[in-house]
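K.L.:
A single structure is presented below for examination.
The values are calculated or read from the model by the stated rules, or taken from the named source; none is laboratory data. Not measured: the values here are computed from a predicted model. FYI the Cβ positions are ideal-geometry reconstructions off the backbone, even for glycines, and counts take in every protein chain you see. Calculation scope for accessible area: heavy atoms of the full protein, side chains included, ligands and nucleic acids excluded. Shrake-Rupley method; radii C 1.70, N 1.55, O 1.52, S 1.80 Å.
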Amino acid sequence: MNWFTRTKKALSRSSLLVSVGIALSAPWLSVQAAQEAVINVQGVGAVEVTPNAYSVTLVVEEEGDTVGKLNTQLDSDLRSVVKFLLNQGLEEKHIQSMQVRLQPRYVNTPQGRQQQGFTLSRDISITSTDLDSFDKVLDGVLKRGVDRIQQFNFISLSEGSAYQQALVAAVKDAKQRAQLLAKELQIEVGEVVAISETGGNMPIPVMRAEAFSKDMSMSLPGQERVEARINVSFKIVQ
């Protein structure tokens, strides 16, 4: 084989390798282009609802040296509170009192920080649709052994349905935003390639018990904004 023949074959093999390299890289370039050809928008939907109920967590607490004695005292307070709540028209299914906490109690002495007995507490969570009687209920439980009001919220029992409505509104909002962008860019919006929820309502702030009795006399439920947010990616039609 002469020099000319060997050179011709070498050039043929090089051309083949270049062709294969281009063929292999072409699909990658096509996929990358397809991934970049999208419009990403955020849709926001909101529904205003009027609270039709309230929820509150009551804390009954006892301190002492013997757990058995503390439990007896706590059980007596709990029975008194629950009996009063039932007399006010609350249903048993709307009263929960399962959460119990037992902690060692420490005090500062000349000899340092030392344990002196225990603190036993129990939470009573209630929900009621009688908004006009919440002040009477709170006054009554505070007279029957409740030591703290941990939190009070005006709530809407239909909030789950309201959130679904807000979610539908968020989808429509995302579609409108994408179409507006596409119109300005002189392109067309295609099918949805990705969608995800990004958030909803923020909880109502918790109120401390110390200022609760003064502040609640001037409180009104008002309206609550139920909000939904989504991210949507639309394919761009070339």
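K.L.:
Filtering region 36-95 down to residues that are of a type in the set (S, T, N, Q) and under 30 Å from Glu227 (Cα atoms), which residue is most open to solvent (accessible area, probe 1.4 Å)?
P.N.:
Only one residue fits best here, namely Asn40.
K.L.:
Take region 138-191 and flag every residue that is more than 27 Å from Arg229 (Cα to Cα) and either among the acidic types (Asp, Glu) or in a helix (DSSP H, G or I) (or both).
P.N.:
Leu138, Asp139, Gly140, Val141, Leu142, Asp147
K.L.:
Select, from Lys172, Lys183, Lys143, the only residue that is closer than 30 Å to Asn71 by Cβ, at pLDDT 85 or above, open to solvent by 80 Å² or more (accessible area, probe 1.4 Å) and of a type outside the set (Asp, Glu). Spell out how you get there, then give the answer.
P.N.:
Numbers: Lys172 fails: closer than 30 Å to Asn71 by Cβ; Lys183 fails: closer than 30 Å to Asn71 by Cβ.
The conditions single out Lys143.
K.L.:
While we're here: Considering Gln111, Gln150, Gln116, which residue is modelled with pLDDT under 90 and in contact with a helix residue (DSSP H, G or I) (Cβ under 8 Å, 6 or more places away or on another chain)?
P.N.:
Checking each option against the conditions leaves just Gln150.
K.L.:
Here's a follow-up. Could you list all residues from region 40-63 that are farther than 24 Å from Arg101 by Cβ and among the acidic types (Asp, Glu)?
P.N.:
Glu48 - this is the single residue of region 40-63 that is farther than 24 Å from Arg101 by Cβ and among the acidic types (Asp, Glu).
K.L.:
Suppose we filter Ser233, Ser196 for residues that are among the polar types (S, T, N, Q), more than 15 Å from Ala46 (Cα to Cα), modelled with pLDDT of 55 or more and surrounded by 15 or more Cβ atoms within 10 Å (Cβ to Cβ); which single one remains?
P.N.:
Testing whether each residue is among the polar types (S, T, N, Q), more than 15 Å from Ala46 (Cα to Cα), modelled with pLDDT of 55 or more and surrounded by 15 or more Cβ atoms within 10 Å (Cβ to Cβ) leaves just Ser233.
K.L.:
Can you name the residue in region 47-94 that is free of Cβ contacts under 8 Å to residues at least 60 places away in the same chain and β-branched (Val, Ile, Thr) and is also farthest from Asp132 (Cα to Cα) among such residues?
P.N.:
So, considering only residues that are free of Cβ contacts under 8 Å to residues at least 60 places away in the same chain and β-branched (Val, Ile, Thr), the one farthest from Asp132 (Cα to Cα) is Thr66.
Residues are listed down the side, and each one gets a yes or a no for (1) assigned to a strand (DSSP E or B); (2) modelled with pLDDT under 85; (3) not basic (Lys, Arg):
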| site | (1), (2), (3) |
| --- | --- |
| Thr5 | no, yes, yes |
| Leu11 | no, yes, yes |
| Gly21 | no, yes, yes |
| Val41 | yes, no, yes |
| Thr57 | yes, no, yes |
| Val82 | no, no, yes |
